[in-house]
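Here is the structure we will look at.
Please treat every number below as a calculation from the coordinates, not as lab data. As the structure is a computational prediction, the values presented were derived from the model and not from experiment. Please note: Cβ atoms are built from the backbone with ideal geometry, for glycine as well, and neighbour counts cover all protein chains shown.
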Amino acid sequence: MISWDRIRYSVWAPIYDRLVARMDFGPARRRSIEALALAPGDRVLIVGAGTGLDLEYVPAGASVVAIDITPAMLARLERRAASRAGRTDARVMDARRLEYADASFDAVIAHLVIAVMPEPERGVREIDRVLKPGGRVAIFDKFLREGEAATPVRRLVNLIARPLFSDMNRRLEPLLAGTALRIERDEPAGFGGWYRVIALRKVDTRPRL
Ligand SMILES: C[S@@+](CC[C@H](N)C(=O)[O-])C[C@H]1O[C@@H](n2cnc3c(N)ncnc32)[C@H](O)[C@@H]1O
């Protein structure tokens, strides 16, 4: 069965870039991806990669695997990737069931997807699984801060925003529970700090020999 997620972003796909261009997210994307400190040869997974607006900020020396549940979004990413110097593989895939081996990526980019996808705890667990120990995750999204309550207006607006576009009232911290992912940096990135650039690192839990 085709998911609602795929249907709604198939509708957004033709106008997504124009909508997002109005928000001026470029500097936040750049800052978030720079924090990954990518080295030549690194393998980077972009989860919920959409139309590929992150690609221009990933150094050419890194090879990119871009996954998204919506073929119409990925078709645009593939066109964009054609002018990228580095290697880019695009695959239609559900972030809740990544078809990659454990510890197979040096870094993960998850921009504007954790607040969008259903069952985000499954998506975060999958990111943790496929990331190498010591690897980093770049998150750019909107979250409620710990201890912050959603205002009644925000709850009301979310009744419409959540099914159509994105959940405005998620918290990141509970999603990290039970994973090896730890917050290294957390900075405001627009809209009065509602959007945040967050860097995670996967701690190495393997026993020392
Ligand atoms: C708001 S867009 C963000 C796209 C891109 N990351 C960006 O920063 O512009 C959310 C994307 O997440 C994708 N998505 C939603 N649920 C997903 C899932 N379960 N697995 C993979 N992608 C998903 C949608 O298809 C859409 O392309």
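Which length gain, in nm to one decimal place, applies between ASP17 and ARG155 when the Cα-Cα distance is subtracted from 0.36 nm times their residue separation?
Going from the current span to full extension adds 47.0 nm.
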Please arrange PHE165, PHE25 by how many other C-beta atoms lie within 10 Å of their C-beta, fewest to most. PHE165, PHE25
Furthest towards positive pole of dipole, LEU38, ALA103, GLY50, structure part the range 1-125, Cβ charges: GLY50
Neighbour-count ranking [beta-carbon atoms within 10 angstrom, fewest first] of LYS142, LYS202, LYS132: LYS132, LYS142, LYS202
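Can you compute the FRET efficiency between ASP102 and ALA82 using 1/(1 + (r/R0)^6), with r the Cβ-Cβ distance and R0 = 25 Å? Round to the nearest 0.05.
Values: r = 31 Å, r/R0 = 1.24.
Efficiency, from the Cβ-Cβ distance: 0.20.
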In units of 2.2 N^0.38 Å, what is the alpha-carbon radius of gyration of the chain? 0.98
If one computes the Cα centroid of the range 138-168 and of the range 1-80, what distance in Å separates the two points? 21 Å
FRET efficiency, ARG30 to TRP194 (Cβ-Cβ, R0 25 Å, nearest 0.05): 0.85
Taking the Cα atoms of the range 1-84, report the difference between the largest and smallest coordinate on each principal axis, in whole Å and largest first. 39, 29, 21
Compute the distance in nm between two label points, each set 7 Å from the Cα along the Cα-to-Cβ direction, one at LEU164 and one at SER10. 2.0 nm
Non-local amide H neighbours of HIS111 (under 5 Å, H modeled in plane, Pro and chain starts lacking H): which ones? VAL47, PHE140
How would you rank ARG97, ARG171, ARG145, going from fewest to most other Cβ atoms within 10 Å of each one's own Cβ? ARG97, ARG145, ARG171
Quick one: Karplus J couplings for the range 45-56, per residue in order, coefficients 6.51, -1.76, 1.60, θ = phi - 60°, nearest Hz, x for Gly and Pro? 9, 9, 8, x, 5, x, 8, x, 5, 7, 4, 5
